[in-house]
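This report concerns only the one structure given below.
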Amino acid sequence: MDTIKVNFKNGTDRSAVDKGAEILSRGGVVAFPTETVYGLGADALNKDAVKKIFEAKGRPQDNPLIIHVADADLSEYVRSVPSKAQELMDRFWPGPLTIILMKTDLVPLETSAGLDTVGVRMPSNEVARMLIKALGHPIAAPSANISGKPSPTNFERCVEDLDGRVDMIIGDGSSIVGLESTIVDYSVHPPRLLRPGFITYEDLWEVDHEVVYDEAKTRADEKETPKAPGMKYRHYAPEAPLTIISGSKKNVADKIVELMEKNIRDGKHVGILSPIEREKLYNRENVRFISLGSEKNQEELARNLFEGLRSFDDSDVDLILAEGLSEEGVGQAIMNRLKKASGFNIIEV
Ligand code: TXA
Ligand code: MG
């Protein structure tokens, strides 16, 4: 398949967005930017179109899609909106928050992967919203990566994964948040935080004290079926095995230096992922150092995480050592993704 590729550099091009909407209305698939990560979209109400998303990504069929709206009136798509869920939408939409609600029959079971619920989000990225408005229907979209890889946060990574597999790829710079949306399930009581994100548990708690979060349920090795089906798959993983070293800053740095030197002696190429503050410490021959930005700036760490993980695949590292980061605030989401990327391979020091 020939993929039309348009990358906005200086402002958006209305005619390219209209072209994307036209493709979507004919049942095609279009990768597009959002503030969290890039999405791979199809008309959420067209079951044949939605099936193509699963094919293009190699996504397991039992993993439901989020629908992206540009209008706060959800009455056609969901049965009811609890008042606290409404308050959260009023406060955080447009933005990186997905709310799960009971769906109406208008949303096909292909979109919800057979569930009677659907996740809904209003993105803040302007191109995303223009595209949804031009289509006139919600856009179903998972992250625009091949299943299992870290989510793409820029045009180039989308092209890498999806060129030749989708009808169109629209680029609009780097995603400013860099982590997928926070997901809260309001189809159950008490409401459950299913996936931490840029909107933190504390942010949610301020609006609704009943929201619960059980991190163990999001663990890859949980025997119980995770509430968000996507949580059970290995995710975000670079090609080389990734180990997280967690503990006090001094112990972590010492341990990484020790493991790094041992592996270099064994003739290995080592990848290191850490805040910029330790760049000099880990700077050796045969080491590929990727900085996440300053540890004083969690938003920067979040924004750089997936691109950092993916950039190890561009080099020939044999293994990756990553510093464990603070789990305060947005750090909870950052570490959630990093732990999954490691397959929960964590050394505590
Ligand atoms: O920020 C985001 O949410 C990005 C951008 C493109 O909007 N999208 C995204 O989609 O991350 P995806 O498909 O990669 O991740 C959605 C997660 C999956 O783990 C899926 O299982 C879960 O949300 N999910 C979707 N609908 C659900 C539902 N009805 N009930 C429970 N979990 C659901
Ligand atoms: Mg994804």
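Got a sec to turn the phi values of segment 243-253 into Karplus ³J(HN,Hα) couplings, 6.51 cos²θ - 1.76 cosθ + 1.60 with θ = phi - 60°, whole Hz, x for Gly and Pro?
With coefficients 6.51, -1.76 and 1.60, one gets 10, 9, 10, 10, x, 5, 3, 5, 4, 5, 4 Hz.
Could you estimate the translational diffusion coefficient of segment 1-141 from the Stokes-Einstein equation, with Rh from the Kirkwood formula over C-alpha pairs, at 4 °C and 1.567 mPa s, in whole µm²/s? Let's see the in-between values first.
Working: Rh = 15.2 Å.
Answer from the Stokes-Einstein relation: 85 µm²/s.
Taking 7 Å along the Cα-to-C-beta vector as the label spot, tell me the residue 90-residue 326 distance in nanometres, rounded to one decimal.
Taking the two extended label points, one gets 3.2 nm.
For 289, 306, what's the largest-to-smallest order of accessible area, 1.4 Å probe? Don't skip to the answer; put the middle values down first.
Numbers: 289 40, 306 0 Å².
Sorted by accessible area, descending: 289, 306.
Based on Cβ point charges of +1 for Lys and Arg and -1 for Asp and Glu, what charge dipole magnitude is obtained for segment 3-53 about its Cα centre, in debye rounded to the nearest 20? Walk me through the numbers on the way to the answer.
Working: 8 positive and 6 negative charges, 34 e Å.
About 160 debye.
Considering only the chain, what is the antiparallel percent among its DSSP beta bridges, to the nearest 5?
Among the beta bridges of the chain, antiparallel pairing accounts for roughly 35 percent.
With a 1.4 Å probe and all protein chains kept in place, how do 1, 130, 102 rank by accessible area, largest first? Please report the intermediate quantities before stating the final value.
Working: 1 130, 130 30, 102 70 Å².
Correct descending sequence by accessible area is 1, 102, 130.
Of the options 241, 99, 176, report the single residue whose Cα projects farthest towards the positive end of the charge dipole of the chain (beta-carbon charges: Lys, Arg +1; Asp, Glu -1).
241
Using a 1.4 angstrom probe on heavy atoms only, work out the carbon and sulfur share of the accessible area of segment 1-105 in %.
Heavy-atom surface of segment 1-105 belonging to carbon and sulfur, 1.4 Å probe: 45 percent.
Residue 39's amide H: which non-local residues (gap 5+, or another chain) put their own amide H closer than 5 Å, with H modeled 1.01 Å from N in plane and none for Pro or chain starts?
Close amide H contacts, sequence-distant or interchain: 32, 34, 144.
Taking only C-alpha pairs under 8 Å that are 6+ residues apart, what is the relative contact order of the chain in percent? Could the numbers behind the result be given before it?
On the way: 782 pairs, mean separation 67.2, N = 349.
Averaging sequence separation for qualifying contacts and normalising by length gives 19 percent for the chain.
How large is the accessible surface per residue of the chain, computed with a 1.4 Å probe and reported in Å² as a whole number? Present the calculation step by step, with values, prior to reporting the outcome.
On the way: 14560 Å² over 349 residues.
Per-residue accessible area for the chain comes out at 42 Å².
What's the FRET efficiency of residue 72 with residue 277 using the Cβ-Cβ distance as r and R₀ = 51 Å, to the nearest 0.05?
Result of the calculation: an efficiency of 0.75.
Whole Å is fine, so just give me how far the alpha carbon centre of segment 278-349 lies from that of segment 20-71.
The distance from the Cα centre of segment 278-349 to that of segment 20-71 comes to 29 Å.
With θ set to phi - 60° and the Karplus curve 6.51 cos²θ - 1.76 cosθ + 1.60, what are the ³J(HN,Hα) couplings of segment 261-271 in order, to the nearest whole Hz, using x for Gly and Pro?
With coefficients 6.51, -1.76 and 1.60, one gets 5, 4, 5, 5, 4, 7, x, 8, 9, 10, x Hz.
Could you work out the percent of alpha carbon pairs in the chain separated by over 33 Å, rounded to a whole number?
27 percent
Roughly how many nanometres apart are two label points built 7 Å out from the Cα toward the Cβ at residue 266 and residue 297?
It works out to 3.6 nm between the two label points.
Going by amide H atoms built from the backbone, whose H comes under 5 Å of the H on residue 183, apart from near neighbours?
98, 194, 195
With θ set to phi - 60° and the Karplus curve 6.51 cos²θ - 1.76 cosθ + 1.60, what are the ³J(HN,Hα) couplings of segment 332-349 in order, to the nearest whole Hz, using x for Gly and Pro?
4, 6, 4, 5, 4, 6, 5, 4, 5, 4, 8, x, 6, 8, 10, 9, 8, 10
Given a cut-off of under 8 Å on Cα pairs at least six residues apart, what relative contact order in percent is computed for segment 139-223?
Numbers: 86 pairs, mean separation 14.9, N = 85.
Averaging sequence separation for qualifying contacts and normalising by length gives 18 percent for segment 139-223.
For residue 347, which sequence-distant residues (separation of 5 or more, or a different chain) have an amide H within less than 5 Å of its own amide H, given hydrogens modelled in the peptide plane?
244, 245, 246
Got a sec? What order do 323, 76 fall in by accessible area at 1.4 Å, biggest, i.e. largest, first? Each step should come with its number before you reach the end.
Numbers: 323 10, 76 110 Å².
Largest accessible area first, the residues go 76, 323.
Please sort 115-124, 134-143 by packing, taking for each peptide the average over its residues of neighbouring beta carbons within 10 angstrom, highest first.
Numbers: 115-124: 22.2, 134-143: 23.9.
Ranked by mean Cβ neighbours within 10 Å, highest first: 134-143, 115-124.
The values are calculated or read from the model by the stated rules, or taken from the named source; none is laboratory data. Quantities reported herein were computed from a predicted structural model and do not represent experimental measurements. Don't worry about glycine lacking a Cβ; one is built from the backbone with ideal geometry, like all the others, and counts go over all protein chains shown. Heads up: the accessible areas ignore ligands, DNA and RNA and are worked out on the full protein's heavy atoms, side chains in. Shrake-Rupley method; radii C 1.70, N 1.55, O 1.52, S 1.80 Å.
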